[in-house]
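Participant: Quick one: the structure is below, questions incoming.
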């Protein structure tokens, strides 16, 4: 799906570094850059890329995420790429027999956000397409991000892994909710406004014969009120509901 360039990025370039170790193909590096740009990650580091860098095969797959590719830093060794990093996450689809904290991508994103907010430099390691991270690279990490997948087919390609972790990171950022539910949000309705709506509704239901027989009316009123209270009515919701009641009254020809 093509995106647009008309909007400003949601976040500044203060997120974790994405470190690709021994990536084999420029196309895959480009796909990773696109996944990063989708989810507010901008700093990529390459460790010993098989086909060298720069690699023009990356640009078509990046789909205009050139700002990520133009910032790429290249290192000969993993330890060099992590020299200025304070907390490292190693991403793997395989369980590792090492005594380290193990996070899901969701858990890691929350931990990462807290560390970045506190000023820590963080990095996420991703292994090459053929075999992923080797144990020496995992040893260099402070924690493991385990991506749970069907054990009969748990292999992810490089860009998929970056996309999954990047998505979870993005969900921790301020302003994401506005992307999902854009527009001006109505504040919660005041108790007095809700009470007035309930009074009008009860009155109209009584006139319409719904609250019958009389001995069941209190329980029926409570049930109706509970339906609306569970919703968490906003100010706009109450105004709309009041308008509905007024419209029904007008249709009936009752001016009360």
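The values are calculated or read from the model by the stated rules, or taken from the named source; none is laboratory data. Values in this document were obtained by computation on a predicted structure and should not be read as measured data. Cβ atoms come from the backbone with ideal geometry, glycine included; neighbour counts cover every protein chain shown.
Participant: Restricting attention to segment 52-61, and to residues there that are in a loop (DSSP other than H, G, I, E, B) and in contact with a helix residue (DSSP H, G or I) (Cβ under 6 Å, 6 or more places away or on another chain), which single residue is surrounded by the fewest Cβ atoms within 10 Å (Cβ to Cβ)?
Facilitator: 57
Participant: Can you confirm whether residue 141 is touching a strand residue (DSSP E or B) at 6+ places or on another chain (Cβ under 6 Å), surrounded by 20 or more Cβ atoms within 10 Å (Cβ to Cβ) and assigned to a loop (DSSP other than H, G, I, E, B)?
Facilitator: Considered against the rule, which asks whether it is touching a strand residue (DSSP E or B) at 6+ places or on another chain (Cβ under 6 Å), surrounded by 20 or more Cβ atoms within 10 Å (Cβ to Cβ) and assigned to a loop (DSSP other than H, G, I, E, B), residue 141 comes out as yes.
Participant: Can I ask one more? Given the criteria surrounded by 17 or more Cβ atoms within 10 Å (Cβ to Cβ) and either farther than 16 Å from residue 32 by Cα or in contact with a strand residue (DSSP E or B) (Cβ under 8 Å, 6 or more places away or on another chain) (or both), does residue 91 qualify? Talk me through it step by step, then tell me what you get.
Facilitator: Working: surrounded by 17 or more Cβ atoms within 10 Å (Cβ to Cβ): yes; either farther than 16 Å from residue 32 by Cα or in contact with a strand residue (DSSP E or B) (Cβ under 8 Å, 6 or more places away or on another chain) (or both): yes.
Criteria met by residue 91.
Conditions (1) in a strand (DSSP E or B); (2) in contact with a helix residue (DSSP H, G or I) (Cβ under 7 Å, 6 or more places away or on another chain), marked per residue:
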{"site": "84", "(1), (2)": "no, no"}
{"site": "98", "(1), (2)": "no, yes"}
{"site": "107", "(1), (2)": "no, no"}
{"site": "113", "(1), (2)": "no, no"}
{"site": "116", "(1), (2)": "no, no"}
{"site": "123", "(1), (2)": "yes, no"}
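Participant: Moving to a separate point now. If I ask for residues that are within 29 Å of the chain's Cα centre (by Cα) and touching a residue at least 60 places away in the same chain (Cβ under 8 Å), which ones from segment 43-60 would you list?
Facilitator: Across segment 43-60, the qualifying residue is only 45.
Participant: Is it true that residue 64 is in a loop (DSSP other than H, G, I, E, B), farther than 20 Å from residue 37 by Cα and either touching a helix residue (DSSP H, G or I) at 6+ places or on another chain (Cβ under 7 Å) or touching a residue at least 40 places away in the same chain (Cβ under 8 Å) (or both)? Even if it seems obvious, please write down each step before you answer.
Facilitator: On the way: in a loop (DSSP other than H, G, I, E, B): yes; farther than 20 Å from residue 37 by Cα: no; either touching a helix residue (DSSP H, G or I) at 6+ places or on another chain (Cβ under 7 Å) or touching a residue at least 40 places away in the same chain (Cβ under 8 Å) (or both): yes.
Judged against the criteria, residue 64 is not a match.
Participant: Could you please find all residues in segment 220-238 being exposed (fewer than 15 other Cβ atoms within 10 Å of the Cβ) and closer than 19 Å to residue 203 by Cα?
Facilitator: Residues satisfying the conditions are 222, 223, 226, 227, 229.
Let's see how each residue does on (1) crowded, with 19+ Cβ neighbours inside 10 Å; (2) closer than 21 Å to residue 46 by Cα; (3) in the same structural domain as residue 33 (by TED's automatic domain parsing):
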{"site": "99", "(1), (2), (3)": "no, no, yes"}
{"site": "103", "(1), (2), (3)": "yes, no, yes"}
{"site": "122", "(1), (2), (3)": "yes, yes, yes"}
{"site": "127", "(1), (2), (3)": "yes, yes, yes"}
{"site": "132", "(1), (2), (3)": "yes, yes, yes"}
{"site": "165", "(1), (2), (3)": "yes, yes, yes"}
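To keep it simple, each residue is scored yes or no on (1) at pLDDT below 95; (2) more than 15 Å from residue 63 (Cβ to Cβ); (3) assigned to a helix (DSSP H, G or I).
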residue: 1; (1), (2), (3): yes, no, no
residue: 6; (1), (2), (3): yes, yes, no
residue: 10; (1), (2), (3): yes, yes, no
residue: 14; (1), (2), (3): yes, yes, no
residue: 20; (1), (2), (3): no, yes, no
residue: 27; (1), (2), (3): no, no, yes
residue: 34; (1), (2), (3): no, no, yes
